[in-house]
Amino acid sequence: MNDPIDTSPLTRAAFLKIVSLASLMFAFFITSSSFIVPEYHGENPMVGSKLLGCRDHCFLFDTAKWQWPDSLDAVRAAPNSHKILFENDKIRILEVTVDPYGFEPMHTHRYPGVMFGPDTDTLHYDIVYYRYDYDSVKHVYFAKDSVYQRSGGRGTHEHFMKPEGPHRVKNLSSVRIIAFRVEFKQT
């Protein structure tokens, strides 16, 4: 029997973690009457509460208010760095990679979710996260701000992510960044 999943230890461990986390999160969301994601203090969606720290700081998200075109969806706009591992009408699981010194194309993430590295993620890397906005007079996207971030090689860490408008990530390091994003679609 052919196994469609790469059986290397890193990939297998990461895949099993994704399935376990997605199952738990999916069970939580389908028992809720609304979508709940953690509240963020500040504007940077890459900085969120820890996965288990959401209990006291949550808000509702209405996906009907999404303003960005489907052409900017991460899988369409940045296909070399966003690969679908699994998708159905309730959930989408992405593998997100950024090559050494790579710069992702501008893209969005419409749905809230959780993002984490593989179990063996102890790499040190630096990134710049650029947020974009749209000038409706000039009909162009422009970088409105950027945030420098450093991974301290602390091992695996999970962050809730609110939906993200147009953004890009620049890898300033000599290592390939690998992460997984579980996105929860409106039910």
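Numerical summary
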| quantity | calculated |
| --- | --- |
| Among residues of the stretch 70-114, those that are among the hydroxyl-bearing types (Ser, Thr, Tyr) and either within 10 Å of the chain's Cα centre (by Cα) or closer than 16 Å to PHE180 by Cβ (or both), counted | 4 |
| In the stretch 45-83, residue modelled with the lowest pLDDT [restricted to those that are aliphatic (A, V, I, L, M) and surrounded by fewer than 13 Cβ atoms within 10 Å (Cβ to Cβ)] | LEU52 |
| Number of positions in the stretch 165-177 that are of a type in the set (Val, Ile, Thr) and buried (at least 17 other Cβ atoms within 10 Å of the Cβ) | 2 |
| So TYR101, is it of a type in the set (Phe, Trp, Tyr) and in a loop (DSSP other than H, G, I, E, B) | yes |
| Options ASN88, ASN171: the member that is out of contact with any strand residue (DSSP E or B) (no Cβ under 9 Å at 6 or more places or on another chain), of a type outside the set (A, V, I, L, M) and at pLDDT 90 or above | ASN88 |
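Residues checked against (1) out of contact with any helix residue (DSSP H, G or I) (no Cβ under 7 Å at 6 or more places or on another chain); (2) modelled with pLDDT of 95 or more:
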| position | (1), (2) |
| --- | --- |
| GLY117 | yes, no |
| LEU123 | yes, no |
| ILE127 | yes, no |
| ARG131 | yes, yes |
| GLU158 | no, no |
| LYS162 | yes, no |
| ILE177 | yes, no |
| PHE180 | no, no |
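The values are calculated or read from the model by the stated rules, or taken from the named source; none is laboratory data. Please read these numbers as outputs of a predicted model, since none were measured by experiment. Positions of Cβ are backbone-derived with ideal geometry, glycine not excepted, and every protein chain shown enters the neighbour counts.
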